[in-house]
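Derivation of every value follows stated rules applied to the coordinates shown; laboratory data play no part. All values derive from a computational prediction rather than experimental measurement. Methodologically, a virtual Cβ is constructed for each residue, glycine included, from the backbone with ideal geometry; neighbour enumeration extends over all protein chains shown.
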Amino acid sequence: MSVRVKDYTNRVILDTSRKSSLALRFMTDSIQDASLPKTPKDKGNLRQNVLKTVIGLRGTIKWGQKYASILENKQFANYTTAGTGPHYAENAVMKVVRNPSESFRKAGLI
């Protein structure tokens, strides 16, 4: 008696990699959405100038203004927009990383 076995390992690896990359893209979008209410806004377009890149299984999100890192790390006395302050990016990343299941579900991984 003979048995034929089909190996779908490469297809599974490719599909999982593609879905993981998509989940990473969903996560960067969620980080930007979570940071919007906390991002300081007085002048300029810090909230709109966000650069998100996902290449394979590596993703970056970067606020495109030169002063973004100063606003992220330094506590100022008076913010013109209520509810904003430092660590807007760090807090958003931590919020999304603690609960990645929504992004995984949207990408079809779970």
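The GNM of the chain, with springs linking C-alpha atoms under 10 angstrom apart, assigns the highest mean-square fluctuation among Thr28, Thr60, Thr39 to Thr60. Using Cβ counts within 10 Å as a stand-in for footprinting exposure, how do Tyr88, Tyr67 rank, fewest first? By the 10 Å Cβ count, ascending: Tyr67, Tyr88. Among Val96, Val50, Val12, the largest mean-square fluctuation in a Gaussian network model of the chain, built with springs joining Cα atoms closer than 10 Å, belongs to Val12.
Sequentially through the stretch 71-82, phi angles give Karplus couplings (6.51, -1.76, 1.60; θ = phi - 60°) of 5, 6, 9, 10, 7, 9, 6, 10, 9, 6, 10, 5 Hz, Gly and Pro residues having no value and appearing as x. When the trypsin sites (Lys or Arg not before Pro) in the stretch 1-84 are filtered for DSSP coil states and for at most 13 other beta-carbon atoms within 10 Å of their beta-carbon, the remaining sites are Arg4, Lys6, Lys43, Lys66, Lys74. Among Gly85, Gly64, Gly44, the largest mean-square fluctuation in a Gaussian network model of the chain, built with springs joining Cα atoms closer than 10 Å, belongs to Gly44. Please list, or write none, the lysines whose alpha carbon is within less than 18 Å of the alpha carbon of Lys62, excluding same-chain residues fewer than 8 places away. Hits, sequence-local ones excluded: Lys38, Lys41, Lys52, Lys74, Lys95. Spin-label pair Tyr67-His87: with each label point 7 Å from Cα along the Cα-Cβ axis, the two points sit 2.3 nm from one another.
Normalised by the number of residues in the chain, the average gap of Cα pairs under 8 Å and 6 or more apart makes the relative contact order 33 percent.
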